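Report on the structure given below.
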Amino acid sequence: MTAWVLRATVLGALVVALRVLLGFGMVNWPAQGSWMRLLCLVVIIGAVAGWGFLDGRRDRAAHPEGDGGSDLTIPWLTAAVAGGLGSGLVSWILDQVPNFDLGDNGLLFELTAGASFIVLLIFIPALAGIAIGRRLAGRNKGTAPAGSNQPVAAAS
């Protein structure tokens with residue numbers, strides 16, 4: 001399975017699951033909606049940033065020279081777009097089922113505005129996680145990050 005397909009599937013399913021849980025929570029505990037939304041946002045950002053962090057560490061381990069490395073931008077962008085569109089479509093389908101309250105958004109909204117929000121919610125934390133993972137893995141190996149003019153500190 002291609003790496004972006006796995007990322008898109010898992011993260012799209014996570015978004016749908018969180019939306020279902022949020023819809024259930026909003027129906028049963030409407031006064032607690034603000035912290036439930038924040039919790040869902042933290043969970044998805046944490047999962048994406050963590051996965052990106054692991055990708056960055058693995059990439060730095062595979063390419064320790066500092067300048068090289070795999071281009072992880074396009075696979076993560078593809079995963080974000082597929083995850084956003086897929087989660088929007090599945091959420092709209094689930095919203096048509098009785099007893100599922102996911103906001104009553106139309107299909108056009110789910111595939112445009114809703115999907116674009118999910119794309120950004122996946123893509124930006126992933127790239128931040130990749131950058132942090134590469135930087136920390138480079139420090140642990142004793143290599144200077146690319147473009148750094150500072151000498152590498154000797155290990156004590």
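The values are calculated or read from the model by the stated rules, or taken from the named source; none is laboratory data. Since we're looking at a predicted model, the values are computed, not measured. Note that each Cβ is placed from the backbone with ideal geometry, even for glycine, and that neighbours are counted across all protein chains shown.
Do we have any residue at all in segment 25-46 that's closer than 25 Å to Thr73 by Cα, crowded, with 17+ Cβ neighbours inside 10 Å, in contact with a Ser or Thr (Cβ under 9 Å, 6 or more places away or on another chain) and β-branched (Val, Ile, Thr)?
The answer is no; no qualifying residue exists.
Out of segment 59-73, which residues are in a helix (DSSP H, G or I) and either in contact with a Ser or Thr (Cβ under 7 Å, 6 or more places away or on another chain) or without any contact (Cβ under 8 Å) to a residue 40 or more places away in the chain (or both)?
Listed by number, the residues that qualify are Asp59, Ala62.
Taking segment 47-57 as the search range and keeping residues that are in contact (Cβ under 8 Å) with a residue 60 or more places away in the chain and out of contact with any Gly (no Cβ under 6 Å at 6 or more places or on another chain), which one is nearest to Ile74 (Cα to Cα)?
Filtering first and then ranking leaves Asp55.
For segment 35-43, check the following and say yes or no: at least one residue is over 12 Å from the mean Cα position of the chain (by Cα) and in contact (Cβ under 8 Å) with a residue 24 or more places away in the chain.
no
Return a yes/no flag: does segment 101-121 have any residue that is farther than 23 Å from Leu14 by Cα and either at pLDDT 95 or above or not charged (D, E, K, R) (or both).
No: zero hits.
Say whether the condition of being crowded, with 17+ Cβ neighbours inside 10 Å, free of Cβ contacts under 8 Å to residues at least 40 places away in the same chain and of a type in the set (Gly, Ala, Ser) is met by at least one residue in segment 12-21.
Looking for residues that are crowded, with 17+ Cβ neighbours inside 10 Å, free of Cβ contacts under 8 Å to residues at least 40 places away in the same chain and of a type in the set (Gly, Ala, Ser), one finds none in segment 12-21, hence no.
Rundown of residues vs (1) surrounded by fewer than 20 Cβ atoms within 10 Å (Cβ to Cβ); (2) touching a residue at least 24 places away in the same chain (Cβ under 8 Å); (3) over 13 Å from the mean Cα position of the chain (by Cα), yes/no style:
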site	(1), (2), (3)
Ala82	no, yes, no
Val90	yes, yes, yes
Leu94	yes, yes, yes
Pro98	yes, no, yes
Asp104	yes, no, yes
Gly114	no, yes, yes
Ile124	yes, no, no
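Residues to consider are Ala62, Ala47; find the one that is out of contact with any helix residue (DSSP H, G or I) (no Cβ under 7 Å at 6 or more places or on another chain) and closer than 17 Å to Gly133 by Cβ.
That would be Ala62, the only listed residue that is out of contact with any helix residue (DSSP H, G or I) (no Cβ under 7 Å at 6 or more places or on another chain) and closer than 17 Å to Gly133 by Cβ.
Could you count how many residues in segment 49-79 are surrounded by 13 or more Cβ atoms within 10 Å (Cβ to Cβ) and within 20 Å of Phe117 (Cα to Cα)?
9
So, of the residues in segment 100-128 that are assigned to a loop (DSSP other than H, G, I, E, B) and of a type in the set (A, V, I, L, M, F, W, C), which turns out to be nearest to Pro30 (Cα to Cα)?
Out of the qualifying residues, it is Leu102.
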